[in-house]
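What follows is calculated from the coordinates using simple rules that are stated; it is not laboratory data. All of these numbers come straight from a predicted model, not from anything done at the bench. Positions of Cβ are backbone-derived with ideal geometry, glycine not excepted, and every protein chain shown enters the neighbour counts.
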Amino acid sequence: MTSPHPAVRLDAVTKSFGGRRVLNRVTLEVPEGCGFVILGRSGTGKSVALRHIIGLVRPDTGSVFVHGTDITELEGTALAEVRKQVGFLFQSGALFDSISVGENVAFPMRRHTRLTDAEIRQRVQSKLDSVGLGSDYDKMPGDLSGGMRKRAGLARAMALDPRILLVDEPSAGLDPITSEEIDELLLGLKQNQKTTLVVVTHNIPSARKLGDQLVMLDQGQSVAQGTVEELERSDNELVRAFMSSSHAG
Amino acid sequence: MLEQASTRATTHLSTVGEFAVFAGKAARQAFLPPYEPRETLRQLYELGVRSAPLIAVSGLAVGVVLSMHTRASLERFGAESMIPAGLAMALVRETGPLTAGLLLSGRIGAGIGAELGAMRVTEQIDALEASAVDAFRYLVVTRVVACVIALPLLTTIMNFSGMLGGFIAERAATGMSLGLYFQRAFDVVNMSDYVPSTLKTMVFGFLIATVSSFLGFTTSSGTEGVGRASTRAVVLSSILIIVANVVLVRLIFFLYPEAAG
C-alpha cells in the first residue's frame, strides 16, 4: 500500500473568488499515513484548500496531486477513480436527508461495488458499530443530534475504506466531550487502518491530538509548517499566539 | 447610474448564458450513458405519479367551468349539441396542455428548486461529488428525463378528467348520457389535434426541470437563497412555458396545417 509519492501535494495553488484571493501560492505536502492538520483563523482558506484535494474546487493556478496523480484537470471517470480513494467528512455531516442513516453509508457501496444487498447491510452495520451508531441504521438524518450526524458522516466517508480522509472542522458545533470522541475515532482510523488524515480545524487541542504535521494559513498563505513543537517555537507571533490558545482550549 | 445598469445587464446576460450551457448539457447527457434508471424511475414517481391527483382534480374543475361557459355562449345560437365537441377541442388543443404545464411548473418547479437548493446549501451536492458520483447526471438529468416523460402523460390525464368534468356539468344540465357525450366529443377531435399539442408539453417539462434545477444548483446565501430559488423556479418556468407555447403553436400550425383547421 505504500507509495513513492506523498498522499497529497498542493503545488503553488492560487484561488480567488469574485476578485478576492483566498489562497495565494499555497504549497504543502502530506506524507502517506500522516495526520496533517491545516490551522488558521476563520476565512483564511482552510476549507478551500481541503476542497482542492478532492476536486470540488479547481485552482486558478498551481497543481494538486493525490498519490502522485495530477488531478487539477481531471474530469469524469478519471476524477471519480481518484475520489474513490478519498473520503470527505463535511462540517455538517452533509448526510442525504431523503434516505436513512444506513442507506447514507450504503450509498457509496451501492454505487461503486458489486456487493450483494446482504453484504452491504453487513458492512454498513459494521461501519455504524465502529462509530457508535449501531442501533441507528433506520433512523433518518433529521432525527440525529449534531454529534451523531458527524459520526454518521464519518461512517459514510469511510464506506469504501479510503486511503485518505479529509475532515472539515471536526469539532465545529460540538460540545468538548463529543468533539473529543470524534477525535478519538479519527485517531483510531489513522493508527489502526493507516488512513492519511487531512484535518481542517481551529481547535488546538484537536490539532495537537491528530496532527503529526501542521500548517498554518493566514490570509491565504502558508505562514508556518511543522510539528506542534516547531510551531510553538515559531518566529511568527501569530502562530505562537494561536498555538498558545490551546492551553485555554 | 449607466454603469450600474450596464453591470446588471451584463450579470443577467451572463446568467442566461450559464443557463443555456446548463440546459444544453442536460439535453446532451440525457442521451449518453451511464444512465441512472433507478433514480429516474424514482423521480418519475415523485414528479409524475404524485402530481396525478392535482392534475386530475384540476382537470375535473376546469372541465366543469369550461362546460358552463361554453353552454352560456352556445345557448344563444341554439348550438348546445356542440358543447362536447367544443370542450374537447379546447381542452385537447390548448387548455389541457397549457394548464397542466402551468400547474406543474408550480408543483414540480418549486419542489426541484427548493430540494436542490437545500442540497446545495447543506453541502449534500458536494457530498455526492465527493462520493465519486456525477451530481449533475444524478440530480439534474434524471429530473429532466422524468419531467419530459411525465408531462405528456399528465396532460393526457388532464384532458381526460377535463372531459369528465364537462360531462358531469352536461349531465347535470341536460341529463346527457356518457356514451352520447363522448361520441359527440370525439367526432371532431382527431390525432392531429391530440398528438402535436400533447407532445409540445415535453418542451414544457424540459423547461420546468432545467430552469428549476439550474436555480437550485446555483443557490447561495443559505435558507434565504433556497426560498428565492424556489420562487424564481416557479415564476421563470411559468413565463418560459407561456412564451414557448406561442412559438410551439406556430410551429405546430406550420408542421400540421390540419391542426389549424
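One quarter of the convex hull surface built on the alpha carbon atoms of the range A:102-249 amounts to 10.0 nm², the projected area averaged over directions.
Note on the range B:37-255: Cα-Cα pairs beyond 22 Å make up 54% of the total pair count.
Loop only by DSSP, 16 or fewer other Cβ within 10 Å of the Cβ. Give me the trypsin sites (Lys or Arg not before Pro) in the range B:27-82 that pass, ordered by residue number.
Details: sites: B:28, B:38, B:42, B:50, B:71, B:76; in loops: B:76.
Within the range B:27-82, the qualifying trypsin sites (Lys or Arg not before Pro) (loop, at most 16 other Cβ atoms within 10 Å) are B:76.
If you average 1/r over all unlike Cα pairs in the protein assembly as shown and invert the result, what Kirkwood radius do you get in angstrom? Radius from the Kirkwood sum: 26.1 Å.
Seen from a random direction on average, the alpha-carbon convex hull of the range B:1-146 projects onto 14.2 square nanometres.
Please return the longest stretch of chain B lacking exposed loop sites, where chymotrypsin sites (Phe, Trp or Tyr not before Pro) count only if DSSP places them in a loop and at most 15 other Cβ atoms lie within 10 Å. Present the calculation step by step, with values, prior to reporting the outcome.
Working: sites that count: B:31, B:35, B:77.
Counting at most 15 other Cβ atoms within 10 Å as exposed, the longest clean stretch of chain B is B:78-261.
Over chain B, DSSP H runs of length four or greater, each weighted -39,500 (n - 2.57), average out per residue to a 222 nm ellipticity of -26000 deg cm²/dmol.
Based on the Cα gyration tensor of chain A, what are the three equivalent ellipsoid semi-axes, each the root of five times an eigenvalue, rounded to whole Å and given largest first? Intermediate results must be reported in sequence, preceding the final value.
Values: eigenvalues 173, 95, 52 Å².
For chain A, the semi-axes come out at 29, 22, 16 Å.
Normalising the average separation of contacting C-alpha pairs (under 8 angstrom, six or more residues apart) by the number of residues puts the relative contact order of chain A at 25 percent.
Fewest-first ordering of B:155, B:10 by other beta carbons within 10 Å of each residue's beta carbon gives B:10, B:155.
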